[in-house]
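This report refers to the structure that appears directly beneath it.
The values are calculated or read from the model by the stated rules, or taken from the named source; none is laboratory data. Because the structure is predicted, anything quoted here is derived from the model rather than measured. FYI the Cβ positions are ideal-geometry reconstructions off the backbone, even for glycines, and counts take in every protein chain you see.
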């Protein structure tokens, strides 16, 4: 083998080795295989944990708009503020401020509202 062919073989060999180490993350490529459950959406099991995770840090007991109890969340929902802030509609600012909720979470909240806000 001549000296001029050695760099070519080294280049080809290294390309094969590095391409074989490529890692695909199935979740990133195809999304999560977990489906969004909107069959039994109620305040206790779905809405309260969502609020605790995304809202209560700013909307706790000392906030101007508190979302600490079912009655407070229901009142804000009846006033149109929950849907308004989640969808940034009208004069409402988008909440949570870190970014819009996932389509699954939005769907769960909308289903909860359409179903009469069950506890």
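Filtered by the rule that a residue be in a loop (DSSP other than H, G, I, E, B) and surrounded by 16 or more Cβ atoms within 10 Å (Cβ to Cβ), the range 67-90 gives 67, 68. Residue check: residue 93 meets all listed conditions (1) surrounded by 15 or more Cβ atoms within 10 Å (Cβ to Cβ); (2) over 23 Å from residue 35 (Cα atoms); (3) at pLDDT below 95 but one, namely (1). The test for being outside any loop (DSSP other than H, G, I, E, B) and at pLDDT below 70 holds for residue 16.
The set of residues from the range 86-98 being touching a helix residue (DSSP H, G or I) at 6+ places or on another chain (Cβ under 9 Å) and either farther than 19 Å from residue 72 by Cβ or free of Cβ contacts under 8 Å to residues at least 40 places away in the same chain (or both) comprises 86, 87, 89, 90, 91, 92, 93, 94, 98.
Can you spot a residue in the range 30-52 that is assigned to a helix (DSSP H, G or I) and modelled with pLDDT under 70? I'd like the intermediate steps shown before the answer.
From the range 30-52, those assigned to a helix (DSSP H, G or I) are 30, 43-52; that's our starting set.
Next, from what is left, pick out any that are modelled with pLDDT under 70: 30.
Yes, that holds for at least one residue.
Which residues, counting only those in the range 53-66, are closer than 17 Å to residue 108 by Cα and outside any helix (DSSP H, G or I)? Hit for the range 53-66 is 55, nothing else. For the range 99-114, a residue qualifies if it is under 8 Å from the mean Cα position of the chain (by Cα), surrounded by 15 or more Cβ atoms within 10 Å (Cβ to Cβ) and without any contact (Cβ under 8 Å) to a residue 24 or more places away in the chain, but none of them does.
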